[in-house]
Structures are given as structure tokens and as C-alpha cells.
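Structure, as C-alpha cells:
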Amino acid sequence: MTDDWRVVFESRNNSACSDRALVLTAVSIPFDIVHDQEGCALVVPAEYSGAAAAELRQYEEENTPPVRKQARQIPNHDAMPGIFGYTLVVCIVAWFAGNGAFGENWLAAGRIDGELIRDGQWWRLVTALTLHSSVKHLVGNLVFGALFGLFAGRLLGSGVAWFSILATAVFGNLLNTLLLDSAHRSIGASTAVFAALGLVAGYVWRAKLMSQERWAYRFGPIIGGLALLMYTGTGDANTDIGAHLMGFLSGFGGGMLMTLAAGAVTLPRVQWLFGIAAISVIALAWIIGLSHHPAISIM
């Protein structure tokens, strides 16, 4: 055999040389693998170099690694104004309700009441989101609301995120009320908390902000959202699981819709307008609710 050997492949990866050596073995081309400090080289006799190069080229073409689809860049808006506004509104209403401010029974005036909502008192779908039965109830919704609101605010911006959370939570309350009997009553921001979770899951999934080539990544936002819903959204007999589920589903749908307007929400003035609108809706709902409810005497 000739002493003239030609290099047909080089790599720092020994397994890469071994794989290509198998290709040459399959077509009966003699070869040798030379190792040095830089890696390895696949060499063949000069008279086989053309055939070897052709076989290896065909192998490369047939085994080109698929181009990985890159996840889209995740937005990073300032979420803190929205969290501050959420905390402030919920705490102010809690203080007013706890002290019977303005001589009003805030709980009776603002809670979810299936019969009254069916009679047209729509504002209860909003006001009930700001009422809580205890300090523990309040703190729990503040913590989880701030957490899920942080993610939503980062994606959509504070104003747009919290307006969307409010809108989808109101819709979730409406669905839950219509699905239950007219005697259903409830309070709490938990519908909004899980609307925020659904909003994030729906937006991330629809906008394809995660890698899409594997099903676990493709459906990761949905699976993660449902897992958090099951872990944090179920509890004792007093837990309104229906409201949590309807809030999540409404938020998920809202998140998918928001991907259509993603490019229009980046302007600061848009964020401010939606943030002011969210607070205005809550204030208007309470004004109407208190004006339609008889005041109580404060001793």
C-alpha cells in the first residue's frame, strides 16, 4: 500500500472521527485515525481520498443537525408601578371596609351576589375583587397577586397588564356567577390573582416565547400555569375553586388576545392610560355600589 496518505477529516472531537470512520468502513475504504494534542484526524491512502471525501460529504448532507428555533426575546417592562397600585388599592379598600368608612357596609355593598348580579348590579363583579374576609385572606392575595402581577407586568407593562387582569377577572367572576346558582356569594382578589397567572401563560404560549421544537417546551406555559393553579388555587371548603378556574381560563384567553397588540403597548403614555383606566373602573364601581346600598349607622 502506498505511503501517501491524505487527511479527509479533522476534529477535536474523537467521537466525530469515529463516526466517520464507520462510514468509510461501510464502503471498504481503508483509513487510519491519527491522534495528537489538538484532537484527531482521519487519513486515507491518496488513491482513495476522492471517494472518501465524497462519502463523507454525503454523510454530512444527510446528517445536518436541524436548525434550532430560537425563542423570541421576552419583554422586560417595569412591573413595579402596577404592583404598587394593586397593593395600594386592595389595602385602602380593606381599611375602608374594616372601619365601615362613610357609614357604609362595604361587604354587603360590594360582594358577589348571584341574584343581585342577575338583576343588573354588574359593579359587584368589580368591587368583590377588592374585598377580603380576613387579614390572612388579604395577605395571601397580596403575595400571590404581586408575584403573578410581576410576571404579567414584565411582559405587558404595568398599566396594560393590570387593566387586562382586571378585565379578565371581571369576566371570570361573571362566568362563575352564571354557572352557579343565584344564591352564590363570594369576595376576594383571588379571581384576579389567577387571571394574572392565566394571562402570563396564555401570552407566553401564544407569542412562542419559549422554544417550540419539543412538546414539553411548546406546552410548558400551559402545563406550568395549570400546575400552579392546582397547587395554589385549591384549598379548604371556603375556597371558591370555580372562581379560580374561571379567572385562569379568562386570563389565558386574554393573554392570547394581547399578543395581537403587543407592539402597541410599549409606549409609556399607553401604559399610563390603561393604568388610570383600571383604577377609574374600580373607583366608579365602588361609587355606584355604595350609592345603591343603604348606609349603616356607625356606633
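The values are calculated or read from the model by the stated rules, or taken from the named source; none is laboratory data. Treat the numbers as computed from the prediction; the structure is a model and nothing was measured. All Cβ positions, even for glycine, are placed from backbone atoms using ideal geometry, and neighbour counts span all protein chains on display.
Considered as a group, the residues in region 257-278 that are buried (at least 17 other Cβ atoms within 10 Å of the Cβ) and modelled with pLDDT of 90 or more include one that is farthest from residue 168 (Cα to Cα), and that residue is 271. Within region 1-40, being more than 18 Å from residue 62 (Cβ to Cβ) and among the aromatic types (Phe, Trp, Tyr) holds for 5, 31.
In this structure, does residue 73 turn out to be within 29 Å of residue 269 (Cβ to Cβ), exposed (fewer than 11 other Cβ atoms within 10 Å of the Cβ), out of contact with any strand residue (DSSP E or B) (no Cβ under 7 Å at 6 or more places or on another chain) and modelled with pLDDT under 90? Yes. Criterion applied to 198, 188 was being within 27 Å of residue 111 (Cβ to Cβ), at pLDDT 60 or above, assigned by TED's automatic domain parsing to the domain that holds residue 136 and in a loop (DSSP other than H, G, I, E, B), and the one residue passing it is 188.
Table: residues versus (1) over 16 Å from residue 241 (Cβ atoms); (2) under 14 Å from the mean Cα position of the chain (by Cα).
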residue: 130; (1), (2): yes, no
residue: 138; (1), (2): yes, no
residue: 143; (1), (2): yes, no
residue: 150; (1), (2): yes, yes
residue: 155; (1), (2): yes, yes
residue: 159; (1), (2): yes, no
residue: 166; (1), (2): yes, no
residue: 169; (1), (2): no, no
residue: 174; (1), (2): yes, no
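Results for (1) under 30 Å from residue 192 (Cβ atoms); (2) modelled with pLDDT under 90; (3) in contact with a Gly (Cβ under 7 Å, 6 or more places away or on another chain); (4) of a type outside the set (Gly, Ala, Ser), shown as yes or no for each residue.
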| site | (1), (2), (3), (4) |
| --- | --- |
| 32 | no, yes, no, yes |
| 46 | no, yes, no, no |
| 52 | no, yes, no, no |
| 68 | no, yes, no, yes |
| 77 | yes, yes, yes, yes |
| 93 | yes, no, no, yes |
| 107 | yes, no, no, yes |
| 110 | yes, no, yes, no |
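Listed by position, the helices (runs of 4 or more DSSP H) enclosed by region 9-116 that each have at least 3 residues that are under 41 Å from the mean Cα position of the chain (by Cα) are 49-62, 80-98, 106-110.
Going by the structure shown, is residue 122 at pLDDT 90 or above, surrounded by 18 or more Cβ atoms within 10 Å (Cβ to Cβ) and of a type in the set (Phe, Trp, Tyr)? Considered against the rule, which asks whether it is at pLDDT 90 or above, surrounded by 18 or more Cβ atoms within 10 Å (Cβ to Cβ) and of a type in the set (Phe, Trp, Tyr), residue 122 comes out as no. A Cβ distance below 7 Å, combined with a sequence gap of six or more or placement on separate chains, defines the contacts here; from region 193-208, residues that are charged (D, E, K, R) reach residues that are surrounded by 24 or more Cβ atoms within 10 Å (Cβ to Cβ) in the pairs 206/255.
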